[in-house]
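Written below as structure tokens is the structure these notes are about.
The values are calculated or read from the model by the stated rules, or taken from the named source; none is laboratory data. Fair warning: this is a prediction, and the values are worked out from it, not measured in the lab. Note that we place each Cβ from the backbone using ideal geometry, even for glycine, and neighbour counts take in every protein chain shown. Protein only, heavy atoms only, side chains kept; ligands, DNA and RNA dropped before computing areas. Shrake-Rupley method; radii C 1.70, N 1.55, O 1.52, S 1.80 Å.
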Amino acid sequence: QNVLRELRALGIKADFVSGEASLGKRKAEVQRLVDGELEVLVANEIFSTGLDAPAVRSTVNGAGGRAPISTLQRMGRAMRKKPDGSLDCETWDLNDSGHKWVERHSRERRETYESEGHQVQVIADLGV
């Protein structure tokens, strides 16, 4: 919710959906994103797998963790062939800091991106 508040404060059309939302609500939120009604859809683990969203051009990994497969699956939600044939997407990763383990996890996620040849922007502290 903190991320959503920050995005809205910047004038970005954003909403949030969690696993507590019904499947219909989740699908409706994704459709709002695809239709351009939303610029950003903040979600938790519910979109880590099983979402094919070729219209999505950017993802933000704010989930933490360090498992390479999970890291790449999250990014892969937007790495579907676009209508123009490209596979381009931006991935933003929250740079966890303040504790040695979460800092290590952030570093390991960046290493995963780099080992796969991806250029990833790392977001600094957003106050979350």
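Where only DSSP H runs of four or more residues are counted, the chain gives -10500 deg cm²/dmol as its mean residue ellipticity at 222 nm, each run worth -39500 (n - 2.57). Ligands, DNA and RNA are left out, and with a 1.4 angstrom probe the accessible area of the chain is 63 Å² per residue. Between Trp92 and Lys27, the modelled label-to-label distance comes to 2.9 nm, taking each label 7 Å out from Cα in the direction of the beta carbon. Between segment 8-22 and segment 72-104, what's the alpha-carbon centroid distance in Å? If we compute the Cα centre of each part, the gap is 18 Å. Given a 1.4 Å probe and the protein chains as shown, Ile69 ends up with an accessible area of around 130 Å². Considering only Gly64, Gly19, Gly117, the mean-square fluctuation computed in a Gaussian network model of the chain, springs between alpha carbons under 10 angstrom, is largest for Gly117. Where the alpha-carbon atoms of the chain are placed on the principal axes, they occupy 39, 33, 26 Å, in descending order. Modelled label positions at Asn44 and His118, each set 7 Å beyond Cα in the direction of Cβ, lie 2.2 nm from each other.
Positive end of the dipole of the chain (Cβ unit charges, origin at the Cα centre): among Trp92, Ile12, Gly36, the Cα lying farthest that way belongs to Gly36.
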